[in-house]
Amino acid sequence: MLKNRSVIDSMDLSVEEIDELFTLADDIKSRPNLYVNACEGKLMGTLFYEPSTRTRLSFASAMNRLGGRVVGFSDPSSSSVTKGESVADTARMVSAYCDIIVMRHPYEGAPRVASLYSEIPVINAGDGGHNHPTQTLTDLYTIHSVFGRTSHLKIAVCGDLKYGRTVHSLIKAMSRYEGTEFFLISPEELRIPYYLRQFMEEHNVKFTEVDTIEAVIAQADVLYMTRIQRERFFDDSEYERLKDVYVLDNEKMKAAKEDMIVMHPLPRVNEIDREVDYDPRARYFKQARYGMFIRMALILKLLEVGYQENHTRLTPTKYHCKNTRCITHFEKEPQQMLDMGGHHYKCLYCDYTVRIDE
């Protein structure tokens, strides 16, 4: 059960819980109208201590599509952080107002601190170069949606493997699926950190380190591109030297399998040429949309609200309860019927069920 739990690391969720999220996200994607009121009356606090477009808007879109509301800040200079308020105190304060917190922070471990002091669930939306669990859920859900599985896949990860938190989270999460093999493409300066190398060795995850895309693209099922992140470098000259070391273009794509997919957590800079956008194997923009659905599923599970066990939704309808003893026939209660699917509606008040044929 995920109710009231925080999600700080991609490993906080079991494989079974991730599968449940996939199932729920699939249902949200296919029947979105059933979830429009699921989080009515719920409030999300978004605490973004560093810039974000996709993640912040994805969470806000997810909550709004579920009928909830969003408050918070996208610039810490407009918050009490400028007065010296700690992460712990901010978490205490926001948890008094909201039902769930989403936090992005440049310092690694900050969302973990928030979760220790918050009275409500905290979702890590990225902490420095450490973790980004909901991006990992997005990545896993994209792979699951395309291949119908998350096991027995060869995944090539390219770019900044040293500071790329999306890469770190993805490798740890995918290590739990049978038959996963990684090709790690990076220059010497941006190889995976020691702790992650040790993790893969301890968990018997097969991986090969190379320094060119061409060396492995023909074998890969997934090519996961990442940008070289200026904000993670302390030396601008080092960034300038490495920023364009990898560029995926149509010429390189000729060597890839017909069913390989290209993914990217976005934003991209120069690492994927615009010409690749028109290749049907390019999935990075669809990947962003999948992220909204999986975040909707996660919010529902953490709050344990909405279209749950019976997949029902409260909705005004043109149909009226036919039970003559129902309170709606005696008092001025509005007709509210629960959509049960298959043209069946159940009265909110007396549970009387009717079938309405088209």
Select from segment 116-145 the residues that are surrounded by 20 or more Cβ atoms within 10 Å (Cβ to Cβ) and of a type in the set (A, V, I, L, M, F, W, C) and list them in ascending order. Ile120, Val122, Ile123, Ala125, Leu137, Leu140, Ile143
Return yes when Asp127 is farther than 24 Å from Leu248 by Cα and touching a helix residue (DSSP H, G or I) at 6+ places or on another chain (Cβ under 6 Å) and no when it is not. yes
Inspect segment 189-197 for any residue being acidic (Asp, Glu) and either farther than 27 Å from Ala125 by Cα or open to solvent by less than 50 Å² (accessible area, probe 1.4 Å) (or both) and give the result as yes or no. no
Collect the residues in segment 325-358 that are open to solvent by 100 Å² or more (accessible area, probe 1.4 Å) and at pLDDT 70 or above, keeping them in residue-number order. Arg325, Arg355
Select from segment 123-176 the residues that are in a loop (DSSP other than H, G, I, E, B) and hydrophobic (A, V, I, L, M, F, W, C) and write down the one among them that is nearest to Leu300 (Cα to Cα). Leu153
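Can you tell me which residue in segment 297-314 is nearest to Leu2 (Cα to Cα), limited to those that are open to solvent by less than 30 Å² (accessible area, probe 1.4 Å) and modelled with pLDDT of 60 or more?
So in segment 297-314, the residues open to solvent by less than 30 Å² (accessible area, probe 1.4 Å) come out as 297-300, 302-303, 305, 307.
Among the residues that remain, those that are also modelled with pLDDT of 60 or more are: 297-300, 302-303, 305.
On the way: Ala297: 11, Leu298: 9, Ile299: 10, Leu300: 9, Leu302: 5, Leu303: 8, Val305: 11 Å.
Ranking the candidates gives Leu302 first.
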Consider only pairs whose beta carbons are under 6 Å apart and that are at least six residues apart or on different chains; among these, list those whose first residue lies in segment 208-219 and is part of a loop (DSSP other than H, G, I, E, B) and whose second residue is open to solvent by 60 Å² or more (accessible area, probe 1.4 Å). Gln219/Lys154
Looking only at helices (runs of 4 or more DSSP H) that lie completely in segment 1-115, which have at least 1 residues being on the phi > 0 side of the Ramachandran plot and open to solvent by less than 30 Å² (accessible area, probe 1.4 Å)? none
Within segment 250-296, residues in a helix (DSSP H, G or I), under 13 Å from the mean Cα position of the chain (by Cα) and surrounded by 19 or more Cβ atoms within 10 Å (Cβ to Cβ) come out as Gln287, Tyr290, Gly291, Met292, Phe293, Ile294, Arg295, Met296
Is there any pair with a first residue in segment 5-16 that is more than 13 Å from His132 (Cβ to Cβ) and a second that is among the basic types (Lys, Arg) whose Cβ atoms are under 6 Å apart and which are 6 or more apart or on different chains, and what are they? Val15/Arg176
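So that you can scan it fast, the table gives a plain yes or no per residue for (1) at pLDDT 95 or above; (2) out of contact with any Leu (no Cβ under 8 Å at 6 or more places or on another chain):
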site	(1), (2)
Ala38	no, no
Leu43	yes, yes
Phe73	no, no
Ser78	no, yes
Asp89	no, yes
Gly109	no, yes
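The values are calculated or read from the model by the stated rules, or taken from the named source; none is laboratory data. It should be emphasised that the depicted structure is a prediction, and the values quoted were computed from it without experimental measurement. We place every Cβ from the backbone using ideal geometry, glycine too, and count neighbours over all the protein chains shown. The accessibility values were calculated without ligands, DNA or RNA, using every heavy atom of the protein model including side chains. Shrake-Rupley method; radii C 1.70, N 1.55, O 1.52, S 1.80 Å.
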